[in-house]
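Read through the structure below, which is laid out as structure tokens, and then see the notes.
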Amino acid sequence: MSVDSLVGGRVRDVRAALTTMPRWRTWSQCLVVYAAFFVCALPLGLATGILRLSPSPFPPATAFAIALTVLVHPAFVEETIFRALLVPRRIRDLGARRAALIAGLALAVYVVSHPLNAILFRPSALPVFTNPMYLLLAALLGVACTVVYVLSGSIWPAVLLHWITAVVWILWLGGQPLVAARDAHFTGSCRCPSTRSSTHPALSIRTVVSTDRSRGIA
């Protein structure tokens, strides 16, 4: 297979994934995958302390802005790269062994991208993005997103799952440090009316919560 043929195939897959809207029956299958992911990930995250119930400190307008930003990145951008670009839409036609190899490699790249992103662009988020339990939950999310992408041939079920997961985590399950981490990274300091420190060692970065404005998200 030539390079031109390979690149052309990936471009066609990405275009098809972006323009395909699943049928209702496929959405119902994806819903089962969503439920299985949350049933596995939520108790595991709460039990290990990487997730913790915490009311959103953000006013509605800020929470809405965060949700919109998360929809673009990481949800849409990461699913386009790590699913639509790296995983063939018709991967089941390649045979079980080859399909598992390709999907596994794409998943590994997806998981590794988190600590790499922190090292290169967001050093303040490194304690979270290198935490083994966080990476395990990221891997579970990657598996679920890959499954719904393969089931549907569309990027949108995976984008929806990624988006819901990230928004719920940031707003209600202890992901606020990532907002503060990016805020501090871009401003060098943050003068905010309310501060608090995370007591869990996996989240041993200072949590700075702004009630006025959010300039970044995870």
Neighbour-count order for 134, 149, 34, fewest beta carbons within 10 angstrom listed first: 34, 134, 149
Relative exposure of 82, 37, judged by other C-beta atoms within 10 Å (fewest first): 37, 82
Sequence of 5, 113 once ranked by neighbouring C-beta atoms within 10 Å, starting from the fewest: 5, 113
Whole-Hz ³J(HN,Hα) from phi, Karplus 6.51 cos²θ - 1.76 cosθ + 1.60, for the stretch 2-17, glycine and proline x: 6, 4, 4, 5, 5, 4, x, x, 5, 5, 5, 5, 5, 4, 5, 5
Residues whose placed amide H lies under 5 Å from that of residue 155, excluding near-sequence neighbours: 18, 20
Built amide H within the under 5 Å cut-off of residue 173, gap 5+: 54
Alpha carbon convex hull of the stretch 3-167, projected area averaged over orientations, nm²: 11.1
Under the Karplus curve 6.51 cos²θ - 1.76 cosθ + 1.60, θ = phi - 60°, whole-Hz ³J(HN,Hα) for the stretch 135-149, x wherever Gly or Pro sits: 5, 5, 5, 5, 5, 4, 4, x, 4, 4, 5, 5, 4, 5, 5
Derived scalar couplings ³J(HN,Hα) [the stretch 44-56; Karplus, 6.51 cos²θ - 1.76 cosθ + 1.60; whole Hz; x for Gly, Pro]: 5, x, 5, 5, 8, x, 6, 10, 8, 5, 8, x, 5
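Throughout, read-outs are computed from the coordinates displayed, never taken from laboratory work. Computed from a predicted model, the values in this text were never measured in an experiment. When we count neighbours, we look across all protein chains shown, and the Cβ atoms used for this are built from the backbone with ideal geometry, even at glycine.
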